[in-house]
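Trainee: One structure, as structure tokens, below. Some questions next.
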Amino acid sequence: MSTTVDRAPARSATRDLAQIAVFAALIVVLGLPGQISIGSAGVPITLQTLGVMLAGSLLGWRKGALSVLAVMVIGLALPVLAGGRTTLTSLAGPTAGFLIGWIPAVIVIGLLTAWIMPRYRLVPGLLINFLGGIVVIYAVGVAGMLLRTELTLGGAIAANTVFLPGDLVKAVVTAIVATQVHKARPGLIAPLRRK
């Protein structure tokens, strides 16, 4: 005897897998325009961090992290990262920390987004995207640059300041999109705290 209750966990698991796959695909597609390398450090400008921010703010930390990890695993065999790079190519370079930073970034964004739920607001969402999508990624990325290059801390930070305006735009776009999506689909991310 099959009931709606019996099918609910399977439907939920199927929906979760579909969301993870869609956001992994989104992150890959956002890498298709390629990359622009600026400065001597060679840090590329890509749209893929926009996908990471969107995954955390729309899926939460678990499904968002699984989306990012899926991209990284697929990238072991296929060139799914901006500029036609694989995960191993990216990890071998001086900007490896920026790729690694996607994981803690999506977790921070997802957890903080769940904390402000059930109502997503633009300004807190923007601050969350700034913290997770910029501060966390830059912290891990700069640490990676310090390990892989001869740059000083000041030099590594200075080499990345040119990317801040673009990353701020990505944080704003993510907050605007997330505001509208959460308004249209309440309950997409379960709240971490009860009011």
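Trainee: Count, please, the residues in segment 130-149 that happen to be small (Gly, Ala, Ser), under 16 Å from residue 162 (Cα atoms), buried (at least 20 other Cβ atoms within 10 Å of the Cβ) and out of contact with any Phe, Trp or Tyr (no Cβ under 6 Å at 6 or more places or on another chain).
Mentor: 1
Trainee: Within segment 181-192, track down each residue that is closer than 15 Å to residue 116 by Cα and either out of contact with any Leu (no Cβ under 9 Å at 6 or more places or on another chain) or open to solvent by 50 Å² or more (accessible area, probe 1.4 Å) (or both).
Mentor: Those that are closer than 15 Å to residue 116 by Cα and either out of contact with any Leu (no Cβ under 9 Å at 6 or more places or on another chain) or open to solvent by 50 Å² or more (accessible area, probe 1.4 Å) (or both): 183, 186, 187, 190, 191, 192.
Trainee: Looking only at segment 86-102, filter to residues that are in a helix (DSSP H, G or I) and touching a helix residue (DSSP H, G or I) at 6+ places or on another chain (Cβ under 6 Å); which one of those is most open to solvent (accessible area, probe 1.4 Å)?
Mentor: 100
Trainee: Among the residues in segment 150-168, are any surrounded by fewer than 19 Cβ atoms within 10 Å (Cβ to Cβ), part of a helix (DSSP H, G or I), in contact (Cβ under 8 Å) with a residue 60 or more places away in the chain and aliphatic (A, V, I, L, M)?
Mentor: Taking every residue of segment 150-168 in turn, at least one turns out to be surrounded by fewer than 19 Cβ atoms within 10 Å (Cβ to Cβ), part of a helix (DSSP H, G or I), in contact (Cβ under 8 Å) with a residue 60 or more places away in the chain and aliphatic (A, V, I, L, M).
Trainee: Provide a single number: the residues in segment 124-133 that are in contact (Cβ under 8 Å) with a residue 24 or more places away in the chain and closer than 20 Å to residue 185 by Cα. First the steps, then the outcome.
Mentor: So in segment 124-133, the residues in contact (Cβ under 8 Å) with a residue 24 or more places away in the chain come out as 125-126, 128-130, 132-133.
Restricting the remaining residues to those that are closer than 20 Å to residue 185 by Cα gives 125-126, 128-129.
Of the residues in segment 124-133, 4 are in contact (Cβ under 8 Å) with a residue 24 or more places away in the chain and closer than 20 Å to residue 185 by Cα.
Trainee: I'd like the full set of residues that are in contact (Cβ under 8 Å) with a residue 40 or more places away in the chain and open to solvent by 30 Å² or more (accessible area, probe 1.4 Å), limited to segment 169-180.
Mentor: Of segment 169-180, the ones in contact (Cβ under 8 Å) with a residue 40 or more places away in the chain are 170-179.
Within segment 169-180, 172, 173, 176, 177 qualify.
The values are calculated or read from the model by the stated rules, or taken from the named source; none is laboratory data. Remember, it's a predicted structure, so these values are computed and weren't measured experimentally. Positions of Cβ are generated from backbone atoms using ideal geometry, with glycine treated the same way; all protein chains shown enter the neighbour counts. Areas reflect the complete protein model, heavy atoms only, side chains present, ligands, DNA and RNA absent. Shrake-Rupley method; radii C 1.70, N 1.55, O 1.52, S 1.80 Å.
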